[in-house]
Structures are given as C-alpha cells and as structure tokens.
Amino acid sequence: MLELAGIIILGIIAQWVAWRLKLPAILPLILIGLFVGPISTLLSEDGQKWIEPIWNEEKGLFPGESLYYFVSLAISIILFEGGLTLKRSEIKNVGPVITKLITLGSLVTFFGAGLAAHYIFGLSWQISFLFSALIIVTGPTVITPILRNIPLKKDISTVLKWEGILIDPIGALVAVLVFEFISVGKGGAFTITALTEFGKILLFGFTFGFTFAHALTFAIRKKLIPHYLLNVVSLSVVLLVFVMSDNFAHESGLLAVVVMGMVMGNTNLPNLKELLYFKESLSVLLISILFILLAANINISDLELIYNWNTAWLFLIIVFVVRPIGVFLSTQGSSLKFREKLFIGWVGPRGIVAAGIASLFGSKLLSQGEPGAEYITPLVFMIVLGTVLLNATTARVFAKGVGVFLTKSEGILIVGGSKISRLMGNYLKQNNRHVVLIDNNSNNVEKAKKLGLEAMTANIYSDSLGDNIELNDMGYLMALTGNAEINKYAIDKFKDQFGENGAFRLVDADEMSDPGNNPKEGLFSHTDDFIKLAEVVRKYPAIHEIEINSLEHYQQLIASTQEDHDMVPIFLKDAEGGLQIISSYGIELTAADEGFKLVYLGKMFDLDEVSIAKNETS
C-alpha cells in the first residue's frame, strides 16, 4: 500500500515541479523512477529497490505479467486521448512541411536510427528497426512545455506542435507492426504467417476502432448515456475496444484505440471538449504512474549494458545527424529559412509513447528469448531522457543563437469573437498584423474563420489558454466582450503574458458615467462601451481612415467623433503603416507629420465638414 501511494504522490509532485520549473514532466518522472528503482539498490542495506514493480510470480506491485497488462491499458487510454486531438481540418492548414515530416522524416529516422543501432551495437536487423520505430515519435507532452516559454514565429511553433501530435500514433503503429513481424516471423523471417498477422492487425484495428467510435458517438448524440456517466462509459468503451481487438488480432488494440480517437475527434461531437478534459486529466495521472514504474523496473544491469561509448555515439548520431537530415529533406522547397530549419532540427524530444511501448515490447521479446531484446528498453529510455534534457536546457539559448527568438511580440490577441471583434480583426490582418480571436462561443469562432481570421474556441477562465504555444508572439491584448467582468478578468490574468506592449479593455457603464475614474487600460474613449460599439457596427459595419493635417486637425476629428455617436476612433496609423491603439486616455500627437491617419469605426466623415475643419485649423 505504501509503495502504491508513494508512486502517485511522487508522480504528482514531479508534475508540479515540472510546471514550476517550466520543464517537461517526463524529465523529473524518469529521474524519480530511476532513483527509487535501480539507483536505490546502491543505497539500501539489503540491495533491494525501494519500489520494485516486479519481483516474481507472487511478490511485487505487479507480479507476473500484471505490469504488462497495466502498461498496455494505460497506453491505450493515452493514445486514445491523443487521437481525439487530431483534426482533418487542421492537417490541411499546417501545410506540406508537416506532411513531409511525419512521412519522409519518419522514414529517415526509421532507417537512419536502425542502421546506426545495427552497426554500433551489433544488434540484429529486427531489434535495430524496432528500436528505430520506437524513437520516431516526439509527442506534444514533451514539445509543448519546451516551446511554451520561447517566443517563436508562428510557423515554427505550429510545425513543431503538429509534428508532435500527428507523429505519436504513426510511431506507435510502426512499432506495433515491427514488433508483430518479429514475434510472428520467428526471428524476423519473411513468412506468409507474418504477413497474415500484419493484415489482421490492420483489419481488426481499423474495424473495431471505426465501428465503436461511431457507436459511442451515436449513443452520446441520442443521449442514451446520462451526463454523469459519460466520461466513465467512454473510458470503459476504450478499454473494451482495446481488449476485444487484441483478442481477435494480437497487438491490434493500440491501433484500434488510435483510430477510435481520430474518428470521434472529427465527428463534431457536442461533448467532445468535456470528454477530452477528462481524458487529459486521466492521462496526466497515468503518465505519472507509468513513467515512475517503468523507470523503476529498469535494473542496474540494464544501465551497465549501455554504459559505454557506443551509447554516446548512437545518441549523437540520432540527435545531430538523423534528425537534422530528416528535417532538411522534409522542409526542402518550403518558405522556412535556413535558421528556422536548423531550430526545428534541434528540437526533437521523445516522449511517453516511445518509453511506454519500449518497456512493453522489450519485456515481451525478452521473455520470448529474442536475441538483443535486453537493449530495447534501456536504449530507448536513454534517448528519451537525453533528448528531453538536452532540449529543455538548450532550446531557448539555441533559438537566440540562430536568430529565431522573437525579441518583440507584435501579435494581437482579441478576447471575444463578436461582429465588433471580427471587423477589427479583419482590418488588423489586412494591415499585416498577426491577429488571433478567442471566444467560448463556437458560432462566433466559425464566423471568424470564414472571414479568413485565425480564431479558436477557448475559455478565458481555463489555464490551458496560457499553455498554447501558437500564442507566443502575442504582445497586445484587447478584451472586447459584452461582459465587463470577463474583460477585467482577461486583463488581470493575461496582461503580463499576452499584453507586454499593451493590454486594453472596453469601459463599463460605471466608468462611462464617471470620466474622472477612467481606467488606464480603457479602450477608445470613456464613452464607448460594448453596447455603443455594437450599435455603431450594426448601422455602419465598416472601418475608415482619414489623413491628419496637424495636431489641431487631429483634436478636431476626435472632438467630432465624440459629438457624433455613430463614429468611434480606434487606431492611429503612422506613415510607415504602424498602428497605435487609442485608449480611453487618448493619444496625443507630438508632431503633425504627413501621412498620419485616424482609423475610425462607423459612419464616414462628411468630406465638406472635414474640409471646413482643415481650413479653420490652418
């Protein structure tokens, strides 16, 4: 009991430490596992591990093959959760670079790492290519924490993020197929039996995954499952699919749950976000337990097996030769610059799928007496730990060194996806600004996307918004919702992260009635709240520009907008096209340079009146 409780407590502590230090959780989890496992044998009086996952058939946390069963079920849940995040529409948007990285890049890793393992360690071709299949994956659980605090151009962070998401199930599938070929092929012989089993894996994996995904989706939509049972029923169905598929075709269960997750993730299921949040929480707990168990299950003899210069050579070849070659071949002909390709080639940490399946397959092949199987688990753990440690400690420095680190964030994050936000977002995009709209109303998000704007469904109260690496270049924050409390909360919570150059919100009714209590972060003017803006946009849904002659002319124009309730000044545009957001305090021009323009929302100025105003001020 003490060991079980200790694993959970240590796992959550490791997750907290990783969050606090802004590191991938996998790093402290593996280190803790190694410390309470093989390293503890050097400290304990009787030479036993402090946590021993397997002792023998009767003793240990998981006697016999029960650890294998637990690992299998845990990985099935983790892969299902990963499948839920895959969207066909997003695959189309990320471009050909992603497609090449998960296909051509995977092939380069598969053959490159396989050749290196074979010739450096003298492993059989079968074991060498199983090792290379296992390290194809990178994984969002290790990529995201590394990139979260590195301001990068959007295309770089997007490439790395989506490579990590899409390559997880691909790497798992390749590893499963190679393992099955070894197991059935009697040491890797190319036999009819091996090909038959290969076909059965594909057949039953896709069939069970596709069928049960649609069945569960149908049951959820028809409300055949009560809301309070939705998450646990979904979990039980995932486990059922894994076990049933595996019984029909050995090792097809992993493929089945990935397919099931991918199908459900693309069915526009109304409860998908709630289901995803539950699976994410469960995955965090399972990853915490799994990594400590798997690392603790390694023996000192396994570490001694790879404690030599061959291991260092293998690591260096994979990190500094195989990965860069795969990236440069995959990005050839793209718009990415050389230094951007160099950074993508540098960042390639391996994650949970590699370590979990390696331990699973390594122990199974070892029990089958496969020559060289004892190298699989320690070598993969070495790659996982080494790449995570390397990238977590050097990615920021390397980004600055190669010149992809953004020294100034010019992106604009707009909270709220109403017609007001869409109109302003479209104008800003036309003026070459990176704009992202967020709203918890999916209809508003869809309308924004139809205009060609970048928008996402997000809850401002959720901590996950701060984890989104695609918002790394945000330097301005504009809260434009109809709820004053949400606007204030957005400024208070995210002004430091997304509003380093300026954080603004609409004024509320109380602030409008008391101009002397004007907030510094107020937008546009102390008379422009959401209701007024909505009414102006309803009558005059357009944004205009008017050239400014002088300081007096600018002041006259501002006064005119305050007198006419159908006009709202929003930006000041300089001669180079730069934009300044007008706050409720206003912007005072220090010089009347030619080319300055007032950008305003609503009804156009009467040109005759403007002409008279110019003459009066000159």
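Within region 235-253, the set of residues being crowded, with 23+ Cβ neighbours inside 10 Å and more than 19 Å from ALA172 (Cβ to Cβ) is empty. Criterion first (crowded, with 17+ Cβ neighbours inside 10 Å, touching a Leu at 6+ places or on another chain (Cβ under 7 Å) and in a helix (DSSP H, G or I)) does ILE317 satisfy it? For ILE317, the condition - crowded, with 17+ Cβ neighbours inside 10 Å, touching a Leu at 6+ places or on another chain (Cβ under 7 Å) and in a helix (DSSP H, G or I) - is not met. Restricting attention to region 1-29, the residues that are under 22 Å from the mean Cα position of the chain (by Cα) and of a type outside the set (D, E, K, R) add up to 16.
Close Cβ contacts (under 8 Å, 6 or more residues apart or on different chains) running from residues in region 296-317 that are over 22 Å from PHE110 (Cα atoms) to residues that are part of a loop (DSSP other than H, G, I, E, B) and of a type in the set (Lys, Arg) comprise ALA296/LYS49. Cβ separations smaller than 7 Å between residues 6+ apart or across chains give no pair from region 20-33 residues that are under 17 Å from TRP50 (Cβ atoms) to residues that are in a loop (DSSP other than H, G, I, E, B). Do we find that TYR427 is of a type outside the set (A, V, I, L, M, F, W, C), within 26 Å of the chain's Cα centre (by Cα) and at pLDDT 85 or above in this structure? So TYR427 fails the test. Hey, does region 368-390 have a residue that's part of a helix (DSSP H, G or I), in contact with an Asp or Glu (Cβ under 7 Å, 6 or more places away or on another chain), aliphatic (A, V, I, L, M) and modelled with pLDDT under 90? Within region 368-390, none of the residues are part of a helix (DSSP H, G or I), in contact with an Asp or Glu (Cβ under 7 Å, 6 or more places away or on another chain), aliphatic (A, V, I, L, M) and modelled with pLDDT under 90.
Restricting region 376-387 to residues that are surrounded by 24 or more Cβ atoms within 10 Å (Cβ to Cβ) and not β-branched (Val, Ile, Thr), the residue that is nearest to ALA355 (Cα to Cα) is PHE381. Among the residues of region 304-314, those identified as farther than 26 Å from ILE51 by Cα, of a type outside the set (Ser, Thr, Tyr) and assigned to a helix (DSSP H, G or I) are TRP309, ASN310, ALA312, TRP313, LEU314. Residues of region 408-424 that are of a type in the set (S, T, N, Q) and over 22 Å from the mean Cα position of the chain (by Cα): SER418, SER421. Here PHE111 meets the list (1) modelled with pLDDT of 80 or more; (2) in a helix (DSSP H, G or I); (3) buried (at least 16 other Cβ atoms within 10 Å of the Cβ) almost entirely, failing just condition (3).
If you filter region 18-37 down to residues that are part of a helix (DSSP H, G or I) and farther than 21 Å from ILE298 by Cβ, you find that the one that is least open to solvent (accessible area, probe 1.4 Å) is LEU21.
Among the conditions (1) part of a strand (DSSP E or B); (2) among the small types (Gly, Ala, Ser); (3) under 24 Å from the mean Cα position of the chain (by Cα), the only one that ALA448 does not satisfy is (1). Tallying residues that are of a type outside the set (Phe, Trp, Tyr) and surrounded by 19 or more Cβ atoms within 10 Å (Cβ to Cβ) within region 513-531 yields 7. Once region 485-499 is narrowed to residues that are among the charged types (D, E, K, R) and modelled with pLDDT of 85 or more, the residue that is surrounded by the fewest Cβ atoms within 10 Å (Cβ to Cβ) is GLU485. Per the listing SER301, SER288, SER283, the residue uniquely closer than 30 Å to ILE51 by Cβ and open to solvent by 60 Å² or more (accessible area, probe 1.4 Å) is SER301. Cβ-Cβ distances below 7 Å connect the following pairs, each with a first residue in region 395-415 that is under 14 Å from VAL347 (Cα atoms) and open to solvent by less than 30 Å² (accessible area, probe 1.4 Å), a second residue that is assigned to a strand (DSSP E or B) and of a type outside the set (Gly, Ala, Ser), and a separation of six or more residues or different chains: ALA399/LEU152; ALA399/PHE405; VAL404/LEU152.
The values are calculated or read from the model by the stated rules, or taken from the named source; none is laboratory data. All values reported here derive from a predicted model rather than from experimental measurement. As a convention, Cβ positions derive from the backbone with ideal geometry for all residues, glycine included, and neighbour counts pool all protein chains shown. Accessible surface is based on the protein model in full, side chains and every heavy atom, while ligands, DNA and RNA are left aside. Shrake-Rupley method; radii C 1.70, N 1.55, O 1.52, S 1.80 Å.
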